[in-house]
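A short worksheet on the structure shown next.
The values are calculated or read from the model by the stated rules, or taken from the named source; none is laboratory data. Everything quoted here is computed from the prediction, not taken from an experiment. Because the Cβ atoms are built from the backbone with ideal geometry, glycine has one as well, and the counts that use them run over all protein chains shown. With ligands, DNA and RNA removed, areas are computed over all heavy atoms of the protein, side chains included. Shrake-Rupley method; radii C 1.70, N 1.55, O 1.52, S 1.80 Å.
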Amino acid sequence: INPPEGLNSMIRQSPTILSRSLVLAISKLAIFRARPLHQSFVRRMTIVNDKKNPTLALVIVDLQNDFINGSLAVKDGEAVLPIVNDLAKSHPFGTIVHTQDWHPPNHCSFFSNLQGYPLAPDSPISQKDAKMFDEVIQKGPPKTVQRLWPTHCVQRTHGAEFHRDLVIRPDDEIVQKGTHSDIDSYSGFWDNGRGAETRLAKLLRGRGVTHVFVVGLAFDYCVGFTALHSKEHGFRTYVVVDATRSVAKESAEKMKEELQGAGVELIKSQQVAGVIGIV
């Protein structure tokens, strides 16, 4: 079989010229074929990584200055910030909500306001003997069990602001709680007396959320009650335990038992991807 005249002409050239011509031709062909394939792959991967799952919600509880390095700082609380930021960045949560303690200055939970809120006759501690962190029963209305905390997260103060290292995206939602002076609100869903509900449940249902992951501060109070009430509202609920910290060991153990008894699942951040993969 006779080769085409063009190839005959190339063969008659020196071996060096022939080698260079072949290498150049093959290189051009490889670049031409590879570039669009590579770009298509990158585009496809970008779309997959950016896709959000509307059934998944991350509820970030009270990562505010006073709970991290302020008047009611939780030990090692700052350590949860990079874990929470990574969870929000690395997983396809369709909804991210930040709860925010937002108390008026005369709030009933502040020990400094104790004299303004008479105690019930059956309170285990009298008004005269009550100390910071004691648990009392306030007469109300509404009549409620109340732990006496340092003044914290007062509306429009630095302590109530979110910590500067917490990443908040433009489409994240903020749900404020504890806004009424005469009742506390650990949960992101209800106040402690269940007299008023925040907009959190309606927000999650309106977006088609079925699975809620709860993180933040503190595990034994606001995180725990938010998770319990999430489960009560019918959401499949997880607490990412290494993305939380507790006020005290005893109350943390008690809350852990309550959560497990209610069917809330306790997982670690390394397990989130696996859980999401089967949702």
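What is the one condition in (1) in contact (Cβ under 8 Å) with a residue 40 or more places away in the chain; (2) under 22 Å from S246 (Cα atoms); (3) open to solvent by 60 Å² or more (accessible area, probe 1.4 Å) that G159 does not satisfy?
(3)
Check off (1) open to solvent by 60 Å² or more (accessible area, probe 1.4 Å); (2) closer than 14 Å to A57 by Cβ for K249 and give me the number that stays unchecked.
Failing condition for K249: (2).
Take the range 142-156 and flag every residue that is touching a residue at least 60 places away in the same chain (Cβ under 8 Å) and out of contact with any Asp or Glu (no Cβ under 6 Å at 6 or more places or on another chain).
W149, P150, T151
Looking at the range 110-134, I want the residues that are outside any loop (DSSP other than H, G, I, E, B) and have a partner that is open to solvent by 40 Å² or more (accessible area, probe 1.4 Å) and hydroxyl-bearing (S, T, Y) with Cβ atoms under 8 Å, at least 6 apart or on another chain. Which pairs are those?
F110/T151; F111/T151; S112/T151; L119/S126
Tell me, which helices (runs of 4 or more DSSP H) lie completely within the range 1-109 with 3 or more residues that are modelled with pLDDT of 95 or more and of a type in the set (A, V, I, L, M)?
Once the helices (runs of 4 or more DSSP H) in the range 1-109 are filtered for at least 3 residues that are modelled with pLDDT of 95 or more and of a type in the set (A, V, I, L, M), what remains is 80-90.
Is it the case that some residue within the range 97-119 is more than 18 Å from H180 (Cα to Cα) and within 12 Å of the chain's Cα centre (by Cα)?
Within the range 97-119, one or more residues are more than 18 Å from H180 (Cα to Cα) and within 12 Å of the chain's Cα centre (by Cα).
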